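The structure appears below as structure tokens.
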Amino acid sequence: MITLTINDKEVSVEDGTLILEAAKQAGFHIPTFCYQPILSRLASCRICLVEIEGQRKLQPSCVTPVMPGMKVQTESQDVKEARIGVLEFFLSNHALDCPVCDKGGECELQNMVYKYGPKKGEFTEKKERFHEKDYILSPVIVKNSNRCVQCLRCVRVCDEAVGRTMLGPMGRGAHQEETSFLKSYMDCDQCGNCIEVCPVGCFMRLPYRYRARPWDLKSASTICPYCATGCRMDIQERGGEYIRAISKFGKGVNSELMCARGRFGFDFLNNEDRLTKPLRKKDDGTFEEITWAEALETIKTNFKLSSPERIGAIISARNTNEEFYLLQKLMRTVLKSNNIDSSPRWSSDAVSAYVTACGINEGGTSIADSIDVDTVLITGSHISDENPVTDYLLRRAFDTRRIGVIIASPRAMKLDSSAQMTLRNIPASDGTLLKAVVAELYTAKPEAFKGVTGLTKIKTLDSATLSKDCGVALDDIKATTGKLLKSDQISILAGTEYLRFPESLEGLVFLRDALRALKKDLKILPLLDRCNQRGAWDMGIHPAFTPGYEALEKEGLGCDRMVQAADDRQLDMLYVICENIAGLYPDAKYAVSALSKLKFLVVQDVFMSETAKLAHIVLPGAAFAEKDGSFTNQEGRAQKIDSLLPPPGEAKTALEVIAAIGRELDYGFGPSTADEVLAEIREATSMYREVEIDTARNDSALVKGKPAALRIADFLGKKRFDDVEAENKPSLPVPVVKVKPLSFKLVTGNHLFYSGTIARRSHTLRNLVSGPMVEVSVADAERLGLSDGDTVRVKGKYHEAILTLKSKKGSRDGIAFIPENFTEVGLNRFLKRGEGIQEVTIRKI
Amino acid sequence: MEKILLKNIHKEDSFKIETYLAGGGYVALKKALKERPDDIIQLVQDSNLRGRGGAGFPAGLKWSFIPKDPTMQKYLACNADEGEPGTFKDRAIIDNDPHLLIEGMIITSFAIGASSSYIYIRGEFEFGASRLEEAIAEAYEKGYLGDNILGTGFNLDMAVHRGAGAYICGEETALLDSLEGRRGQPRIKPPFPAIAGLYGKPTVINNVETLSCIPAIVEKGAKWFAAIGPEKSPGPKIFGVSGHVERPGLYELPMGTSAREIIFEHSGGMLGGKKFKALIPGGVTAPMLVEEELDTGMDFDSLAALGSMLGSGGMIVMDETTCMVRVSWIINKFFSHESCGKCTPCREGTTWLTKVLYRIEHGEGNAGDVELLDRICGNIFGRTFCPLGDGAVMALRGCMKHFRDEFVYHVEHKRCKVC
Amino acid sequence: MLTEETKTHIEGLLNKYKTRRSAVMPALMHAQKQNAGNLTEEDMREVADYIGLNPVVTNEIVGFYTMYNPLKDIGTYHIQVCANLSCSLRQAEFIIEYLEKKLDIKSGETTKNKRYTLTRVECLGSCGTAPMMQINDDYFEDLTVSKVDEILSNLD
Ligand SMILES: Cc1cc2nc3c(=O)[nH]c(=O)nc-3n(C[C@H](O)[C@H](O)[C@H](O)COP(=O)(O)O)c2cc1C
Ligand code: SF4
Ligand code: FES
């Protein structure tokens, strides 16, 4: 601790604290422009100058660390004059077109001049002007350089956090303009972080420009509805139209960072195709509008007609914890059914195994802690596209703290540039790769392995064979092992590939147990692609466990088995909330045919999905900004969301509908408000009992552990990994890719601008992608004589599609990636239940 | 005085290694390589050699800040960015006696433990850059550079890096950024280059003239060097005289020689016998001196005592016909053109000053403009990131201190008082 | 398009430095030389690509340093006259006016036949031999009107 005085007040702060931060702690505000805590230090704007006794010149408080006994003045005459001087300089070449500037009313320059002066400027010369009209830099970014204050936050955020380096200061001195390469249209992440960090109206949102003044907007604090990073944002509306989403410095895990989906993808809320009335299917297959009373009556009747084991419910992972809780309560206590699940993309067994392997049931782990380690291993996730803001946070930490990063993924990604090692394994062989590492760890330190899960099996693992099976050179595996052995603190970030290919989890479990046995301080952070996936599991949206991961005596059916049961006519009634089974189940034909056999299908959704089209009753639903409640992100951080507007037309939140159905069936069913449900959740599970569900950034918002609730042994095909040798299911048969000239393994996941069903309804996001695409490695593209933008025919055993080709440098050869959510393509039409990865051919047309 | 720095430049084929060797070149290197590096640092400290790039920082002291850890990569960077208007001394050595500089650099590298060195030369000096490259190749060939120099086990590489037109790259940290392939903008200090310089490694940056003094110091000793000129800033100094004198050019004289002697004896007096008006003693940054101040010794401390500075020793002499408003405008235009744009006061302030000066000079001044200049200067001075912004103010204030009446006259009469 | 020769030059540069990035300035200069003093958008992209940088970086560099002429049309002979103080005291203004008249262009312009570009520049470090000018890579010092005539008539 260091003691100094600031404005004659004595303060003690941590060693190395900047004067600026020390002053803040002491309650003194020092204005800043170029300073941004997460970015590199510039000390260029000079607005933060302070007086330090004994120093001839004023010093920038944003880079000067405190020293013992230092005497600092932040409001002396000199400091005040310097501040006004700098502000006058800023204004001298500033456009001063505040009346038409988007930033007016929330402009840092405007606010600062208002607060500190100068009252009157003396600059009467001709101003430097960069251009006459605003110019467009991308489908979402518009630029006015005449307002720039040269803080370079835009340039730094793009380079240092986003990792794109799309912007630079062009020119010198007063002619310096921060813009793209020759001001050309930018092919970038379109995250708009440059807009968010800009203190003035230099970078602006194109969709928002001239649409509103900030004081006319109404806001609510909520959580982004896309991936499970759980970025906090303010959503804003004017005249009933959602108009802007903003992130704020110091708020949420993301602070001011967001990705394109978060910042621009909210406009699906305004989509004219929103469902607004309950609908009933007529005999001719078309829908007619009905009243809620009619709808509820029909639902009640059908529920009453079915026996418990013939009823199922599937809810998408975008709903609130309160909705999840109430739905499982309705299913389990009123309808007496455990047939409940959240995603058609993977099996409930995979979820059980993943939850235990990653220790999701053992409580939350913050991302800050997960990256404050020696080595981070990222596996089974295309993190740069799936969890963009997690990528941004990691990059900044990796680049500043020089943490060792190993990325294992078949496809290249942006974060590779921050990694020490990238391993390009064969798709679906993530577990095989980890086993190879475990084999090497075992060879290095066999004595440490006593009592490790699956030891009998680990002993027989052969790294050479495994290395061939996963397609990663043995040397790279050895290098990985070496890095892990040298690190004391290790984090594994494990993504959704483990859910798609759960056999890989065995490798993850082996590695986890091996590293723990080697006395490494290990953290595992799941990387999830739906905003409240973790919350869904926490709330018992699963056939095998209740809220807080209490294992059930008798397991119900998960989504996969429900679809199968429907196909076998063993299921009569299915209640679906916002989930698009027909669009995402990995065999479209099968799913559609199975769902069509149901006696009664009720779907609540915000849009008419492929699944809703098959329903007997369609209920209009509410989206995130229309709901109160909470989401739990991938860290296990429970975060509050507030509603801004009521849902359109007669639409209702799932919470209201579940409560209403509950009351129809059982007069005493409740509770019915988000707050009441939350109170009951706290009672029902200790995981949430003490959690501070608010906007807190600190760890008090992390869910608590309940270690004993689940054991790995109970899941994954009911077989223990532990010492069940020969008859244990072998790892997914992963054929070594023989790169036949035109044959590719088809893999899927999220697209940076496109994930889940709602993204399709965002006009802004649709504008960012030219159309459905297929991605291959640059080498493969060259081999096939194809170039970016070519139209190709992708043909599989069951389906074919016309797509635009994109090539990616550094990806593994022999892989074709198609994002899973393009309606036009229907990736799941390529797939066949039980067949795993499909092969496709690609030809130019 | 015996010439040290310019002794070879007029020789035939002065730039060739043979010529240099014949004149006793590389003898100092051989001597130095037999010493302990720390002893050379001590020697240079004892000599009181102060940096000739402008700031006058003691060279030996700077070297002594380099960490002694032998496993650590260290660098030497020679500052040959010579760009301060009025300065043209380094170019004479570079073009005509490159081996003097190279020898100085090898000894310096040995003293600080650098195994890699760069000469950062301003881009316009195409001729000098190729001279240096040829000379470096000769030195490699003769075994003065490369691996195991003269069988001592000392390794050193040397390369020329050309700038591309930016005065600010003469500032040592901007120079490093430029060498790393970036826009040359000053870095935050601390860390100082001696701790984290080029590629984040300890680096010494010295001016061409500073480094060229080293061979003589090694050869003739610290005492000899310290005895030339004033005690606190001794040694030979190249004065570059330009402007209104009969014989502009370079004059190597002891530090502390009076300005009057340099102008009226060595440079042949005022051009066409006109009356002396003002002297800029060390590149345009240095505040002007007037007639009464000409007896001042041209060295760091004497000039500082007058509120001016020796800077690079580039002396610009002006006669009675010179309009001081115009001079200020030209100087300020230079600074605003060369402002790297990083910090607000310099970027906006120098541009503003230039605009006001242009108006005044062109007969469009308004009442209050002179006070406005004062105010703008006040808002720049002491608040910029690097000394460039301060330098612009020093130049203007220096001029206004002596010739404020000319500025006022310009504003009031919309024309010049002297021309 | 970078010529093979330029690429060889750049390849050679890469050994000089610890990082590839350090070679970006000389590489751009080679590319500019190859096009007789002009730097095209394509060159900027190719140099960036060759060195492994985002094109933004080459754009930043060429905008910062005055010796690059991105997207300009510089004549065969680029005449740069120093107009800074020492030269100005020695009648540089007069030389510039003379050149403007002789070439029938304003400073900052290129003659119609693309033979000459005339630019006023800041100090070139040749103050003791003022006034002076630089034509392409060469310095011409102690200028007088007749010397200027002679120099121009001797250009190839
Ligand atoms: C704006 C500015 C320009 C400078 N230009 C030069 C220069 O052209 N040559 C030079 O040697 N030093 C220049 N310097 C000084 C250097 O920063 C540095 O002090 C010097 O190179 C150190 O060498 P020395 O100790 O041998 O003088 C400049 C400083 C500033 C602030
Ligand atoms: S004072 Fe500021 S703007 Fe001027 S050159 Fe230095 S850092 Fe750049
Ligand atoms: S905030 Fe400190 S200089 Fe900009």
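The values are calculated or read from the model by the stated rules, or taken from the named source; none is laboratory data. Because the structure is predicted, anything quoted here is derived from the model rather than measured. Cβ atoms come from the backbone with ideal geometry, glycine included; neighbour counts cover every protein chain shown. Note: areas computed on protein heavy atoms with side chains; ligands, DNA, RNA excluded. Shrake-Rupley method; radii C 1.70, N 1.55, O 1.52, S 1.80 Å.
Data overview
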read-out: Filter result for the condition that a residue is buried (at least 21 other Cβ atoms within 10 Å of the Cβ) and either on the phi < 0 side of the Ramachandran plot or under 13 Å from the mean Cα position of the chain (by Cα) (or both), over B:Glu82, B:Glu35; value: B:Glu82
read-out: Scan of the stretch B:141-155 for residues that are among the hydrophobic types (A, V, I, L, M, F, W, C) and within 14 Å of chain C (Cβ to nearest Cβ), ordered by number; value: B:Leu145
read-out: Any hit, the stretch B:186-207, residues being in the same structural domain as B:Arg91 (by TED's automatic domain parsing), within 16 Å of ligand 2 (Cβ to nearest atom), closer than 24 Å to C:Thr66 by Cβ and not hydrophobic (A, V, I, L, M, F, W, C); value: yes
read-out: Elements of type strands (runs of 3 or more DSSP E) contained in the stretch B:197-261, each with 2 or more residues being closer than 21 Å to C:Cys127 by Cα; value: B:236-243, B:249-254
read-out: Tally of residues being more than 16 Å from ligand 2 (Cβ to nearest atom) and in contact with a Ser or Thr (Cβ under 6 Å, 6 or more places away or on another chain) across the stretch B:136-178; value: 4
read-out: Selection from the stretch B:139-166 of residues that are assigned to a helix (DSSP H, G or I) and open to solvent by less than 50 Å² (accessible area, probe 1.4 Å); value: B:Ala139, B:Ile149
read-out: Scope the stretch A:82-104; condition more than 14 Å from every other protein chain (Cβ to nearest Cβ) and open to solvent by less than 20 Å² (accessible area, probe 1.4 Å); matching residues; value: A:Cys101, A:Asp102, A:Gly104
read-out: Residues (more than 15 Å from A:Ala659 (Cα to Cα), polar (S, T, N, Q) and more than 25 Å from the chain's Cα centre (by Cα)) located in the stretch A:285-337; value: A:Thr286, A:Thr291, A:Thr298, A:Thr301, A:Asn302, A:Ser306, A:Ser307, A:Ser337
read-out: Those residues of the stretch A:110-123 which are more than 26 Å from A:Asp216 (Cβ to Cβ) and either surrounded by 13 or more Cβ atoms within 10 Å (Cβ to Cβ) or away from chain B (no Cβ under 14 Å) (or both), in sequence order; value: A:Tyr116, A:Gly117, A:Pro118, A:Lys119, A:Gly121, A:Glu122, A:Phe123
read-out: Residue within the stretch B:230-244 that is more than 14 Å from chain C (Cβ to nearest Cβ), open to solvent by 20 Å² or more (accessible area, probe 1.4 Å), away from ligand 3 (no atom under 16 Å from the Cβ) and over 19 Å from the mean Cα position of the chain (by Cα) present; value: yes
read-out: Residue satisfying all of: in the stretch B:370-398; more than 16 Å from ligand 2 (Cβ to nearest atom) and farther than 22 Å from B:Ala55 by Cβ; surrounded by the most Cβ atoms within 10 Å (Cβ to Cβ) among these; value: B:Leu373
read-out: Residue check for C:Tyr17: out of contact with any Ser or Thr (no Cβ under 9 Å at 6 or more places or on another chain), among the hydroxyl-bearing types (Ser, Thr, Tyr) and either more than 9 Å from chain B (Cβ to nearest Cβ) or crowded, with 24+ Cβ neighbours inside 10 Å (or both); value: no
read-out: Which listed residue, of A:Phe817, A:Phe830, A:Phe822, is more than 22 Å from A:Ser609 (Cα to Cα) and of a type in the set (Phe, Trp, Tyr); value: A:Phe817
read-out: Residue, most open to solvent (accessible area, probe 1.4 Å), within the stretch A:38-66, restricted to residues that are at the interface with chain B (Cβ under 7 Å from one of its Cβ atoms) and more than 9 Å from ligand 3 (Cβ to nearest atom); value: A:Lys57
read-out: Every pair of residues 6+ apart whose Cβ atoms lie under 9 Å, when the first sits in the stretch B:17-30 and is basic (Lys, Arg) while the second is at pLDDT 95 or above; value: B:Lys30/B:Leu150
read-out: Residue in the stretch A:8-16 that is within 14 Å of ligand 3 (Cβ to nearest atom) and touching a helix residue (DSSP H, G or I) at 6+ places or on another chain (Cβ under 8 Å) present; value: no
read-out: Selection status of A:Thr276, over 30 Å from A:Arg569 (Cα atoms), among the β-branched types (Val, Ile, Thr) and open to solvent by 40 Å² or more (accessible area, probe 1.4 Å); value: yes
read-out: Residue check for A:Glu75: in contact (Cβ under 8 Å) with a residue 40 or more places away in the chain and more than 14 Å from every other protein chain (Cβ to nearest Cβ); value: yes
read-out: Residue in the stretch A:13-34 that is under 30 Å from A:Glu125 (Cβ atoms), open to solvent by 10 Å² or more (accessible area, probe 1.4 Å) and within 14 Å of chain B (Cβ to nearest Cβ) present; value: yes
read-out: Of residues in the stretch B:250-271 being out of contact with any His (no Cβ under 8 Å at 6 or more places or on another chain) and free of Cβ contacts under 8 Å to residues at least 40 places away in the same chain, the one most open to solvent (accessible area, probe 1.4 Å); value: B:Glu265
read-out: Of all residues in the stretch B:167-185 being part of a loop (DSSP other than H, G, I, E, B) and buried (at least 24 other Cβ atoms within 10 Å of the Cβ), the one that is farthest from ligand 1 (Cβ to nearest atom); value: B:Arg183
read-out: Strands (runs of 3 or more DSSP E) contained in the stretch A:201-318 and holding at least 3 residues outside the structural domain of A:Val606 (by TED's automatic domain parsing) and in contact with a Leu (Cβ under 8 Å, 6 or more places away or on another chain); value: A:218-223, A:232-238, A:241-246
read-out: Any chance A:Cys107 is within 14 Å of another protein chain (Cβ to nearest Cβ) and either aliphatic (A, V, I, L, M) or open to solvent by less than 40 Å² (accessible area, probe 1.4 Å) (or both); value: no
read-out: Complete set of residues in the stretch B:347-363 that are open to solvent by 10 Å² or more (accessible area, probe 1.4 Å) and within 11 Å of chain A (Cβ to nearest Cβ); value: B:Glu348, B:Thr351, B:Thr354, B:Lys355, B:Tyr358, B:Arg359
read-out: Single condition B:Gly83 does not satisfy, out of (1) within 14 Å of chain C (Cβ to nearest Cβ); (2) more than 16 Å from ligand 2 (Cβ to nearest atom); (3) in a loop (DSSP other than H, G, I, E, B); (4) not charged (D, E, K, R); value: (2)
read-out: Those residues of the stretch A:78-109 which are touching a residue at least 24 places away in the same chain (Cβ under 8 Å) and charged (D, E, K, R), in sequence order; value: A:Asp78, A:Lys80, A:Arg83, A:Glu88, A:Asp97, A:Asp102, A:Lys103, A:Glu106, A:Glu108
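One line per residue, one yes/no per condition, for (1) away from ligand 3 (no atom under 16 Å from the Cβ); (2) aliphatic (A, V, I, L, M); (3) within 20 Å of C:Lys18 (Cβ to Cβ):
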position: B:Leu150; (1), (2), (3): yes, yes, no
position: B:Gly170; (1), (2), (3): yes, no, no
position: B:Leu175; (1), (2), (3): yes, yes, yes
position: B:Pro193; (1), (2), (3): yes, no, yes
position: B:Thr210; (1), (2), (3): yes, no, no
